[in-house]
Amino acid sequence: AHDPRHQRRIAYMNELFSMSFPGAVVPQGIASITANLATLDKQIQEAAPEWPIDHIAKIDLAILRLACYELTVEKKEPPKVIIDEAVELAKEFGNENSPKFVNGVLGTILKSIT
């Protein structure tokens, strides 16, 4: 929980979450993520077709966008680490269904890119 990478992910998740509200300003720290938002949302939508982007809980969407970015664009960590971290964030900040949902969506995205 005190791992600097975990703390950074929490900060990015919070910035992505705050961005989902009208009038929000895009923080500099996540500019590279928001530059890829259309692609990330398309991948999330394809992995969870029964859940339109605007129906996914905002915190779950922030976690998915961050993890999807790490999996498909950044590619600095092993996929298992990225997915495990996302599930941990979902447990910590989402609702009781968030971890399973996040794990399922990211598992589907991982299958589509490997």
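Overview of results
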| quantity | calculated |
| --- | --- |
| Listing of helices (runs of 4 or more DSSP H) fully contained in the range 20-86 that carry 1 or more residues being under 20 Å from Ser98 (Cβ atoms) and open to solvent by 50 Å² or more (accessible area, probe 1.4 Å) | 37-47, 58-69 |
| Every pair of residues 6+ apart whose Cβ atoms lie under 6 Å, when the first sits in the range 79-92 and is closer than 12 Å to Leu110 by Cβ while the second is of a type in the set (Asp, Glu) | Ile82/Glu70 |
| Given (1) at pLDDT below 95; (2) closer than 18 Å to Arg9 by Cβ; (3) small (Gly, Ala, Ser); (4) out of contact with any Asp or Glu (no Cβ under 7 Å at 6 or more places or on another chain), index of the condition Gly29 fails | (4) |
| Index of the failed condition, Thr114 passing every other in (1) surrounded by 12 or more Cβ atoms within 10 Å (Cβ to Cβ); (2) more than 11 Å from the chain's Cα centre (by Cα) | (1) |
| Number of the exception - His6 against (1) surrounded by 15 or more Cβ atoms within 10 Å (Cβ to Cβ); (2) in contact (Cβ under 8 Å) with a residue 12 or more places away in the chain | (1) |
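The values are calculated or read from the model by the stated rules, or taken from the named source; none is laboratory data. On a predicted model such as this, the values are computed, not experimentally measured, just so you know. Note: ideal-geometry Cβ built from the backbone for every residue, glycine included; neighbour counts use all protein chains shown. Areas reflect the complete protein model, heavy atoms only, side chains present, ligands, DNA and RNA absent. Shrake-Rupley method; radii C 1.70, N 1.55, O 1.52, S 1.80 Å.
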